[in-house]
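K.L.:
First the structure, then my questions, so here it is.
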Amino acid sequence: MRLEQLELRRIAIDLVVPFRTSFGTETSRDVLLVHVTTDVGDGWGECVAMTEPVYSPEFVDGAQLVIRDHFWPVLASAGEVRAADVEPLLAHLHGHPMAKAALEAALLDAELRAEGSNLHARFGGDRDRVPSGVSVGIFPTLDELLAQVQGYVDEGYARIKIKIEPGWDLEPVRLVRDLIGPDMGLQVDANTAYARTDIDHLCRLDEFDLLLIEQPLPEEDLLGHAQLAAASSTPICLDESIVSIRTAADAIELGAAEIINIKPGRVGGYLAARRMHDLCVDRGVPVWCGGMLETGIGRAANAALAALPGFTLPGDISASSRFYARDIVTEPITVDDGHVAVPTTPGLGFELDHEFLDAITTSVEQVRTEHA
């Protein structure tokens, strides 16, 4: 493909309920969408960076700047490019995996649409639907938490994940386990909220028969996670720590990661996520697909990724209505019998609701290439 134009579109989309984690509360999302025009057609990608650098060093204003001023000029001057060229062409520009992932996704969308294919077919996933889990934030009261969880149980989700932090862990987990019963999958996510000195406390979660404890310690603390894994009977899953295939391999070798949460934005794109899946399958490590409150663009692509055989645990691919009253795609993701159908629409698997997209757009920036 030859790149003709870059459009950086910002949208503001409200969440149906506030989503609180150990690092903050979100009530709406400021989303950067990347729209590329090529000589074979258009493609769209979604950047999952947050407004502030609290989950990772990236944030949405920085992502827009680095795409516009640094990444796009390199790709636009490269002549013919494919989505697979994004990573090697930008390798000399350090960091910013979420921004790189958004650009790669837009090119992948355009490439697949031009071929009349989709991401599910490209990856060769062995399922046409995947189990759907839901992520539940921290609430002001335990009663509010339990009411929210009961609603998701009634909607048929296959697994519940609750966010935890010091002071909001043992009792919420005990009550949720009592509510959902012993057979439903339950896991917790700390988003780096604990320290090595909390290992004994975290081991008390073993009594609740959890699927996993996700990222309890700081992202750099692989040794601490290995120590916790040795002490706890609950599998330790890494999220924020896993920023590349090398860190995944190292974490597995150290015994710090018994399970890995693969988030395409965090690891630099869907193609890198596929390679990380293959590495984990080779090492015998289960994986699941995490979420970043994606709109229907990222949600559709995540479902295609999660259809690969190594994704043996339910991911955070919940219904669009879990977060948004109205999504920006014409066929939002829904949950049926605890599962999500893998989209087969050409490209990443979505068609945009342009009327709604325009209504919630806050800014549009366009950059044309010199040869276009």
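K.L.:
Taking segment 316-340 on its own, how many of its residues are more than 26 Å from Lys163 (Cβ to Cβ) and surrounded by 16 or more Cβ atoms within 10 Å (Cβ to Cβ)?
P.N.:
The total comes to 2.
K.L.:
Moving on to the next point. Under 6 Å between Cβ atoms, at least 6 apart or on separate chains: pull out the pairs that start in segment 167-178 with a residue that is touching a residue at least 24 places away in the same chain (Cβ under 8 Å) and end on any residue that is surrounded by 13 or more Cβ atoms within 10 Å (Cβ to Cβ) and among the aromatic types (Phe, Trp, Tyr).
P.N.:
So the pair list comes out as Val173/Phe208; Arg177/Phe208.
K.L.:
So, Asp39, is that one modelled with pLDDT of 95 or more and within 17 Å of Asp358 (Cα to Cα) or not? Quick ask: steps written out before the conclusion?
P.N.:
Values: modelled with pLDDT of 95 or more: yes; within 17 Å of Asp358 (Cα to Cα): no.
Against the criterion (modelled with pLDDT of 95 or more and within 17 Å of Asp358 (Cα to Cα)), Asp39 does not qualify.
K.L.:
Quick test for you: out of Thr141, Thr51, pick the one residue that is surrounded by fewer than 17 Cβ atoms within 10 Å (Cβ to Cβ), among the polar types (S, T, N, Q) and within 30 Å of Glu365 (Cα to Cα). Spell out how you get there, then give the answer.
P.N.:
On the way: Thr141 fails: within 30 Å of Glu365 (Cα to Cα).
Within the list Thr141, Thr51, the selection yields Thr51.
K.L.:
Return the residue satisfying two criteria in turn: it lies in segment 248-258 and is within 17 Å of Val281 (Cβ to Cβ) and of a type outside the set (A, V, I, L, M), and of such residues it is surrounded by the most Cβ atoms within 10 Å (Cβ to Cβ). If you could, list the steps in order and put the result at the bottom.
P.N.:
We begin by selecting, within segment 248-258, every residue within 17 Å of Val281 (Cβ to Cβ); these are 248-249, 251-253, 257-258.
Next, only the ones that are of a type outside the set (A, V, I, L, M) stay: 253, 258.
Details: Glu253: 12, Glu258: 19.
Looking at the filtered set, the residue picked out is Glu258.
K.L.:
Being over 19 Å from the mean Cα position of the chain (by Cα), within 30 Å of Asp278 (Cβ to Cβ) and in a helix (DSSP H, G or I) is true for just one of Ala147, Ala121. Which residue is that?
P.N.:
Ala121
K.L.:
While we're here: Please verify whether segment 250-272 includes one or more residues that are outside any helix (DSSP H, G or I), at pLDDT below 95, within 25 Å of Arg9 (Cβ to Cβ) and out of contact with any strand residue (DSSP E or B) (no Cβ under 7 Å at 6 or more places or on another chain).
P.N.:
Looking for residues that are outside any helix (DSSP H, G or I), at pLDDT below 95, within 25 Å of Arg9 (Cβ to Cβ) and out of contact with any strand residue (DSSP E or B) (no Cβ under 7 Å at 6 or more places or on another chain), one finds none in segment 250-272, hence no.
The values are calculated or read from the model by the stated rules, or taken from the named source; none is laboratory data. The model shown is predicted, which means the values in this text are computed figures rather than measured ones. With ideal geometry, Cβ positions are generated from the backbone for all residues, glycine too; neighbour counts draw on all protein chains shown.
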